[in-house]
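The values are calculated or read from the model by the stated rules, or taken from the named source; none is laboratory data. As the structure is a computational prediction, the values presented were derived from the model and not from experiment. Every residue, glycine among them, receives a Cβ derived from its backbone with ideal geometry; neighbour counts consider all protein chains shown.
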Amino acid sequence: MDCTVRDITTKGARLECSEAVALPDVFELFIPSKDEYFQARVEWRKGNGIGISWAPEHQSQSALETFQSGDPLGDRVAKLEHEVALLQKRLDALRS
C-alpha cells in the first residue's frame, strides 16, 4: 500500500496512510528514496497517522508474534520472511 513517510529518525518515523487501511502491528516498509526495506513496528495510531519504530532487521517479528515462541513452524516462517525480503532487495537492485 502507498503511504507518506514523515519525520524519519533513527528510532522510527510517522506515516500518513488512508484511515481505511488495515496495517498489521509489524510489517516491512520499503522507502524508495533509500531503495531499502525496513522492519517496522506500529507504536501508535491516530486518524490517518501511524507512529512506527524500527525493528532489528535480522528479526522477523510478524511471524514470531503470529506463532508461539519456540514453535518450529513459526521459526521457519520467520526465516522465510527474512529470505523473501533479502531476495526482494536483490531483485529491485537488478531491475535498477
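Values computed for the structure shown
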| read-out | value |
| --- | --- |
| Check on A13, at pLDDT below 90, of a type outside the set (K, R) and surrounded by 14 or more Cβ atoms within 10 Å (Cβ to Cβ) | no |
| Subset of segment 15-32 (residues that are in a loop (DSSP other than H, G, I, E, B) and under 19 Å from L87 (Cα atoms)) | P32 |
